[in-house]
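A short reminder: the numbers here are calculations on the coordinates, not readings from a lab. In this text, all values refer to a predicted model and were calculated from it rather than measured experimentally. Every residue, glycine among them, receives a Cβ derived from its backbone with ideal geometry; neighbour counts consider all protein chains shown.
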Amino acid sequence: MAQSPITPRLADFAAWYQDVVLQGDLAEPAEIVKGCMVIKPNGYAIWELLQRELDNRFKATGHKNMYFPLLIPQSFLKKEAEHVEGFSPELAVVTIAGGKELEEPYVIRPTSETIIGHFFAKWIQSWRDLPMLVNQWANVVRWELRTRMFLRTTEFLWQEGHTAHATHEEAQEEVLRILDMYAEVAEDVMAMPVIKGMKTQSEKFAGALRSYSIEAMMQNGLALQAGTSHDLGQNFGKAFDVKFQNKEGQLDYVWQTSWGVSTRLIGGLVMSHSDDKGLVIPPKLAPVKSVLVPIYRKDEEKGAVLEAAHRMAKDIGAEVDDREGQSPGAKFFHWERRGVPIVLELGPRDLASGGIVLKRRDTGAKESVPQSELKACVETVLQTIQQDLYAAAKQRLKDNTVVANSIEAVELILGDVTAEKGGGKFVMAHLKDDPACDAKLKTFKATVRCIPQLDEYDGSGKCLVTGETVERRVVVAKAY
RNA sequence: CGGGGCGUGGCUCAGCCUGGUAGAGCGCCUGGUUCGGGACCAGGAGGUCGAAGGUUCGAAUCCUUCCGCCCCGACCA
């Protein structure tokens, strides 16, 4: 009996995560390039499915895809004071090109607000040019000190939406529309429940007026910021001189938004559903939804089994694992680690009985179903898996959300939590949106994840740090 | 940047202390027997031991310098 190549979650959650990503064949560290990874077919296929889900929604709401240069003149970053301060430490800069020192270095984009601001200024003159709704699928580079596959890599893939509007109200609507869209994809497609809310002033995007995010809870109780949507106000409009003439004939700066989700979502997906046996992928994002493993002993059986296997697999769109020289057992483990939602087993026994064995990846439950009902069965089970994964994640979020009424209580709950040991919670506490509060939490490495849009608790109360009355409880947690 | 670990066939590692013909398991190739939860037998291919310099008759092993990667913290989607 071979030993599992996957560290159990309870032993070391961070090691488990790495093992699952590697064994699930999602990605591997590039090694030759610091902090970067190679996304492998099984991982990239998930990204493509996510892209499709998101892209369809962007287009349905009037956004158009564009592509902007990877390299940005260094001076652009400096035009917005907060922005340059926020991003400077993590910039990769190109100083030599074509064998010559550049007069002005280029930065490799960490995000594209600045270069897009430049072009918006060129393209926008009138209120008739607004709203301008742009999205870009791209790679970005942020020289992070600490990287983890998918969750934080030096280079990562994402989409960044950039829009310009005539009024602040319109921009705010856009910001929240996108936030809702992100939450819908997270919950309905990824089966990953999220909390929608606003970031505190200390946690907001560098250069934004306000930032909103969706926050998910991983199995170790740590929070993962799964998507952000920023109300940029007129900050970038002013920095890049993006002016338009309104209906009254007056000049005004545009109101901008930006928003993004990244390949980090795949990390969230892994840490939401997978188990000690490996990857578990919700059916809507599974590159392979079902695999049929044929079983036979003798050559006489082989022909009949393979014929039936291919016929049935074709009918339901399953892949047949007819690799020679691998025992069925080895194949079961193979697909289990890769998170395929349904594995079907078909052997002489089934041919005789007219049944076929269907195994669910999430629960491990095995049942024999009549071959004639296979198609309907697979459909139903896939839907059930999708729902059950969401329900389980939702329940876990609920079970691990607690209320605290003093800063000591918050520290007691979160103080010892680490990504490795787990035990994290979402702590609902009354805290003012004040840098002093963020700083206080930082002493034990916790952060305000967001100020929830929806108050599911007891309304207003006194801030645990300043004593001032605040409207509602905020989500405090340790985060990735 | 601080702490820790590691660079030896594709992968995981042993060998280094005490210098003397480069090893194991897994994987891979060939043939055969197997096949309802990680099969077995036989044969085979595959390595300038991270790099440079030094000590030595002789270096994977000792010395010096450098490079890289991973993990843990501070920074962050």
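Based on alpha-carbon atoms, the Kirkwood radius and the radius of gyration of chain A give Rg/Rh equal to 1.03.
Backbone amide hydrogens, once placed in the peptide plane, bring A:LEU102 within less than 5 Å of A:ILE96, A:ALA97, excluding anything fewer than 5 places away on its chain.
Taking a straight Cα-Cα cut-off under 17 Å and skipping sequence neighbours fewer than 8 places away in the same chain, the lysines within cross-link reach of A:LYS394 are A:LYS196, A:LYS425. Residue-normalised convex hull volume from the C-alpha trace of the stretch A:264-376: 102 Å³ per residue. Here A:LYS314 is the anchor, and the aspartates and glutamates within straight C-alpha reach of less than 17 Å, apart from those fewer than 8 places off in the same chain, are A:ASP322, A:GLU345, A:GLU373, A:GLU379. Other residues lying with their Cβ under 15 Å from the Cβ of A:PRO41 contribute a combined charge of -1, Lys and Arg counting +1, Asp and Glu -1.
Projected label points at A:PHE332 and A:GLU471, each 7 Å from Cα along the beta carbon direction, are separated by 5.5 nanometres. As a proxy for reagent exposure, A:PHE76, A:PHE150 were ordered by neighbouring Cβ count within 10 angstrom, fewest first; the result is A:PHE76, A:PHE150. Taking the stretch A:347-391 on its own, what percent of its Cα-Cα pair distances exceed 13 Å? The answer is 57 percent, as a whole percent. Legend: P(r) of the stretch A:200-291 from all alpha carbon pair distances, 5 Å bins from 0, whole percents, reading 3, 12, 14, 15, 12, 10, 9, 8, 6, 5, 3, 1, 1. With contributions of -39500 (n - 2.57) from each DSSP H run of at least four residues, the per-residue ellipticity at 222 nm computed over chain A stands at -10500 deg cm²/dmol. Each principal axis of the Cα cloud of the stretch A:120-255 was taken in turn, and the coordinate range along them, longest first, works out to 56, 30, 27 Å. Across the stretch A:61-117, how large is the tail of the calculated P(r) beyond 17 Å, expressed as a percent of all Cα pairs? The calculated P(r) of the stretch A:61-117 puts 41 percent of pairs beyond 17 Å.
Of the lysine pairs in the stretch A:32-171, how many meet both conditions: Cα atoms under 29 Å apart, and a spacing of 8 or more in sequence or different chains? For the stretch A:32-171, the number of qualifying lysine pairs is 12. Around the amide H of A:LEU232, modelled in the peptide plane, lie the amide H atoms of A:LEU209, A:GLN256, A:THR257, A:SER258, all under 5 Å away and 5 or more residues distant in sequence or on another chain. For A:LEU306 and A:ALA14, the FRET efficiency from 1/(1 + (r/R0)^6), where r spans their Cβ atoms and R0 equals 51 Å, is about 0.75. Pair-distance distribution P(r) for the stretch A:13-151, from all Cα-Cα distances in 5 Å bins starting at 0: 2, 8, 13, 15, 16, 17, 14, 9, 5, 1, 0 percent. With neighbour counts taken as other beta-carbon atoms within 10 Å, the residues A:ASP416, A:ASP275 rank, fewest first, as A:ASP416, A:ASP275. Note on A:ALA60 and A:ALA409: the model spin-label points, each 7 Å out from Cα along the C-beta direction, lie 4.2 nm apart.
Relative contact order, whole percent, for the stretch A:295-431 stands at 16, derived from Cα pairs under 8 Å and 6 or more residues apart.
Under a 5 Å amide H cut-off, with hydrogens placed 1.01 Å from N, A:VAL280 pairs with A:SER274, A:ASP275 among residues at least 5 apart or on other chains. As a length-normalised measure over Cα pairs under 8 Å and 6 or more apart, the relative contact order of chain A settles at 15 percent.
Here's the list of lysines a cross-link from A:LYS331 could span, going by alpha-carbon distance under 17 Å and ignoring same-chain residues fewer than 8 apart: A:LYS277, A:LYS289, A:LYS302, A:LYS359, A:LYS366.
In vacuum, with every alpha carbon of the stretch A:365-423 counted as one equal point scatterer, what does the Debye formula give for log10 I(q)/I(0) at q = 0.21, 0.29 Å⁻¹? Two decimals, please. Result of the Debye calculation: -0.91, -1.14. Ranked for footprinting exposure by Cβ neighbours inside 10 Å, fewest first, A:VAL475, A:VAL261, A:VAL402 give A:VAL402, A:VAL475, A:VAL261. By the Kirkwood approach, averaging reciprocal distances over each pair of separate Cα atoms, the stretch A:326-469 gets a hydrodynamic radius of 19.4 Å.
Rounded to the nearest 20 debye, the dipole magnitude of chain A is 340 debye, with +1 charges on Lys and Arg beta carbons, -1 on Asp and Glu beta carbons, and the Cα centre as origin.
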